Amino acid sequence: MALRFTSEERLDDGVLERGFTLGEIPGFLWTPSSAAAPTPLILLGHPPIGLHKMYSRLVARARHAAADGFAAATIELPGSGDRPVWPALEQARADLRRAMQAGEPVGEDIIDPLVLPLVDTAVPEWQAALDALLALPEIGGPVGYSGGVISIGVRLAVVEPRIVAAGLFAGSFVPRAILEEARQVTIPLHVLLQWDDEGNDRQASLDLFDAFASKEKSLNANMGGHTGVPQYAADAAGQFFARHLK
């Protein structure tokens, strides 16, 4: 898939923000003003609620990466934002909402249709984006992956050798198949867990962390709910990527 830039803006801190399309997939690339090219790259994962809704948080993470000397990029997930509606995914989301509102357990019959097709479709798209981004003269390796749907991060860590380190956000309902894949993950990991996240099964997150085969893996657990991540947790993630991408 060909990458085509569609917009360009210099942010107030000097970061260059460029919108692009990869085939029909929209995305953003942020590059620091002062880093020497080629620049290491961090892929910014996000939840499947649309780039427009996530923009302010994504650009804040990109600015943080740029301050550390890294480029950052993201793409829209399948069935989200301005991409075509995915009926099966919409049905899976509706089943999840119904179970949670009813206080029913969320089992494999809901989790697998919700997560596995998304992983199977999104991961090759992230790899295609990586192909296109690394072909740009201003972008080089190594590459890190940060945040988003943790099952996508797990799959990428297994199948994409250009990703040398990953910062993962615990949560987002992990299928048993992804838990098994986690046993093949050997790259350095930094996992962020909000201890009181109302939408997360804490024990499932701990089981997934335990399954990772990485010799270097750290669990940064903080008190508070899903949106209560403290600033120092972001600083710790930045230090993790600085160790492995520079």
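The values are calculated or read from the model by the stated rules, or taken from the named source; none is laboratory data. Everything quoted here is computed from the prediction, not taken from an experiment. Reconstructed Cβ throughout: ideal geometry from the backbone, glycine too, with neighbour counts over all protein chains shown. What goes into the accessible areas is simple: the full protein's heavy atoms, side chains included, and nothing from ligands, DNA or RNA. Shrake-Rupley method; radii C 1.70, N 1.55, O 1.52, S 1.80 Å.
Screening Arg83, Arg93 for residues that are assigned to a loop (DSSP other than H, G, I, E, B), basic (Lys, Arg) and either at negative phi or open to solvent by 40 Å² or more (accessible area, probe 1.4 Å) (or both) leaves exactly one candidate, Arg83.
Of the residues making up the stretch 50-80, those that are over 15 Å from the mean Cα position of the chain (by Cα) and either within 21 Å of Asp112 (Cα to Cα) or in a loop (DSSP other than H, G, I, E, B) (or both) are Asp68, Gly69, Phe70, Gly79. For the stretch 10-57, a tally of residues being closer than 30 Å to Val85 by Cβ, exposed (fewer than 11 other Cβ atoms within 10 Å of the Cβ) and not polar (S, T, N, Q) returns 1.
Here is a yes/no grid of residues against (1) open to solvent by 10 Å² or more (accessible area, probe 1.4 Å); (2) modelled with pLDDT under 95:
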position	(1), (2)
Ala132	yes, no
Pro137	yes, yes
Ile163	no, no
Gly167	no, no
Ala170	yes, yes
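Selection over the stretch 153-172 of residues that are over 21 Å from His64 (Cβ atoms) and touching a helix residue (DSSP H, G or I) at 6+ places or on another chain (Cβ under 9 Å) gives a count of 8. Residues that are among the aliphatic types (A, V, I, L, M) and touching a Gly at 6+ places or on another chain (Cβ under 7 Å) were ranked within the stretch 44-85; the one that is farthest from Ser151 (Cα to Cα) is Val85.
Applying the condition of being in a strand (DSSP E or B) and at pLDDT 90 or above to the stretch 208-225 and asking which residue is least open to solvent (accessible area, probe 1.4 Å) yields Ser218. Mind checking which residues of the stretch 160-207 are part of a loop (DSSP other than H, G, I, E, B), among the β-branched types (Val, Ile, Thr) and under 23 Å from Pro142 (Cα atoms)? Those that are part of a loop (DSSP other than H, G, I, E, B), among the β-branched types (Val, Ile, Thr) and under 23 Å from Pro142 (Cα atoms): Val185, Thr186, Ile187.
I'd like the full set of residues that are touching an Asp or Glu at 6+ places or on another chain (Cβ under 9 Å) and open to solvent by less than 10 Å² (accessible area, probe 1.4 Å), limited to the stretch 183-196. The answer is Leu189, and nothing else.
If only one of Pro105, Pro117 is assigned to a helix (DSSP H, G or I) and either open to solvent by 60 Å² or more (accessible area, probe 1.4 Å) or without any contact (Cβ under 8 Å) to a residue 60 or more places away in the chain (or both), which one is it?
Working: Pro105 fails: assigned to a helix (DSSP H, G or I).
Result of the check over Pro105, Pro117: Pro117.
Quick check on the stretch 172-182: of everything there that is open to solvent by less than 20 Å² (accessible area, probe 1.4 Å) and in contact (Cβ under 8 Å) with a residue 40 or more places away in the chain, which residue is nearest to Phe241 (Cα to Cα)? Out of the qualifying residues, it is Ile178. Applying the condition of being charged (D, E, K, R) and within 23 Å of Leu22 (Cβ to Cβ) to the stretch 63-80 and asking which residue is surrounded by the most Cβ atoms within 10 Å (Cβ to Cβ) yields Glu76. Listed conditions (1) of a type outside the set (A, V, I, L, M, F, W, C); (2) under 21 Å from the mean Cα position of the chain (by Cα); (3) more than 30 Å from Pro32 (Cα to Cα) are all met by Tyr145, apart from (3). In the set (1) open to solvent by less than 10 Å² (accessible area, probe 1.4 Å); (2) touching a strand residue (DSSP E or B) at 6+ places or on another chain (Cβ under 9 Å), the condition left unmet by Val123 is number (2).
Residue by residue, here is whether (1) in contact (Cβ under 8 Å) with a residue 24 or more places away in the chain; (2) within 16 Å of Ala129 (Cα to Cα) holds:
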site	(1), (2)
Met1	yes, yes
Ser7	no, no
Pro38	yes, no
Leu43	yes, yes
His46	yes, yes
Leu51	yes, yes
Thr74	yes, yes
Ser80	yes, no
